[in-house]
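First comes the structure, then the notes that go with it.
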Amino acid sequence: MARIGHFTLSRYFSGWNFLEDEKIPYNLLLLADETIEAIEKYIFNSELFVVEQGDEVIAIYALYVLNKDEIEIKNIAVIEAHQGQGIGRLLLQDATNKARERGFKALLIGTPDSAIKQLRIYQKAGFEMFGVKKRFFIENYPEPIFENGVQLEDMVMLRKLLQ
Ligand code: ACO
């Protein structure tokens, strides 16, 4: 468990090994992903880390192992009232530390190509673009997704080398 300012960052659960009274905080995860169905493709095989303020979960990220060398942040979200306060940056740093400590060579993260703010945040945190998953948001979601009037199509993949 680590302290982030006056918040506590704790390991929430991994896979199915969570305490019965701990519910998956879909409200937060849905800020970063469009549907529960999409979230359930990775969440049960992810390790979740949350920031709690009192009883409330105010931020989260999910780490998903891709292979022996690579681990991906599949979801990262901060509740709106606490966005822009540096919590996202600290979560990215925490994920970097955990990935490095565990011996992974690279930490990955993906975001829609139109998500300029997120791209900037990830680049500031040391991630570099290395690929594009073409038509990801068309082929993996049942309905077209629009953000700021733009239909999401491609996912940009970014990577931070750790060694
Ligand atoms: N435009 C440009 N830069 C910004 C903005 C903005 N609107 N907001 C913050 N930044 C900068 C900050 O200045 C900061 O830079 P610094 O490190 O030099 O100080 C950096 O981005 C990080 O800012 P934080 O305050 O730490 O970011 P925040 O706590 O708001 O978390 C996050 C960022 C997770 C993207 C949050 O805004 C959020 O939950 N958004 C909605 C969900 C979302 O889009 N999640 C990502 C989807 S992709 C995925 O999950 C893999």
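Where does each of 75-85, 133-143 land if you order them by average Cβ count within 10 Å, highest first?
Ranked by mean Cβ neighbours within 10 Å, highest first: 75-85, 133-143.
Rounded to two decimals, what is Rg over Rh for segment 92-163 when you use alpha-carbon atoms and the Kirkwood radius?
Numbers: Rg = 13.7 Å, Rh = 13.1 Å.
Looking at segment 92-163, the ratio lands at 1.04.
Neighbour counts of other C-beta atoms within 10 Å: give me 72, 153 arranged from fewest to most. Spell out each step's value before the answer.
Working: 72 22, 153 18.
In increasing order of surrounding Cβ atoms, one gets 153, 72.
Across every pair of different alpha-carbon atoms, what Kirkwood hydrodynamic radius in Å does segment 2-161 reach? Let's see the in-between values first.
Values: mean 1/r = 0.0618 Å⁻¹.
16.2 Å is the Kirkwood radius here.
Would you mind ranking 145, 109, 43 by Cβ crowding within 10 Å, fewest neighbours first? Don't jump to the answer; show the numbers that get you there.
Numbers: 145 17, 109 23, 43 20.
Going from least to most buried by this count: 145, 43, 109.
Where does the chain land at 222 nm, in deg cm²/dmol rounded to the nearest 500, when only DSSP H runs of n ≥ 4 count, each adding -39500 (n - 2.57), divided by all residues? Before the final figure, lay out the partial values.
On the way: 5 runs with 39 residues, N = 163.
Mean residue ellipticity, 222 nm, calculated: -6500 deg cm²/dmol.
Over the chain, how many pairs of lysines fall under 16 Å by alpha carbon, counting only those 8 or more apart in sequence or from different chains?
Lysine pairs meeting both conditions in the chain amount to 10.
For segment 2-161, what's the relative contact order in percent, using C-alpha pairs closer than 8 Å and at least 6 residues apart?
Relative contact order comes out at 18 percent.
Between residue 141 and residue 116, what length comes free when the chain is fully extended (0.36 nm per residue of separation minus the Cα-Cα distance, one decimal in nm)? Could you put the intermediate results ahead of the total?
Numbers: separation 25, 0.36 × 25 = 9.00 nm, distance 2.09 nm.
Taking residue 141 through residue 116 to full extension adds about 6.9 nm, to one decimal.
Exposure proxy check: 61, 122, 26 ranked by fewest other beta carbons within 10 Å?
Working: 61 28, 122 24, 26 13.
Arranged by neighbour count, lowest to highest, 61, 122, 26 become 26, 122, 61.
Laboratory data are not the source of any read-out in this text; all were calculated from the coordinates shown. Predicted, not measured: the structure shown is a model, and the values here were computed from it. A quick note on method: Cβ atoms are made from the backbone with ideal geometry, for glycine too, and the neighbour counts reach across all protein chains shown.
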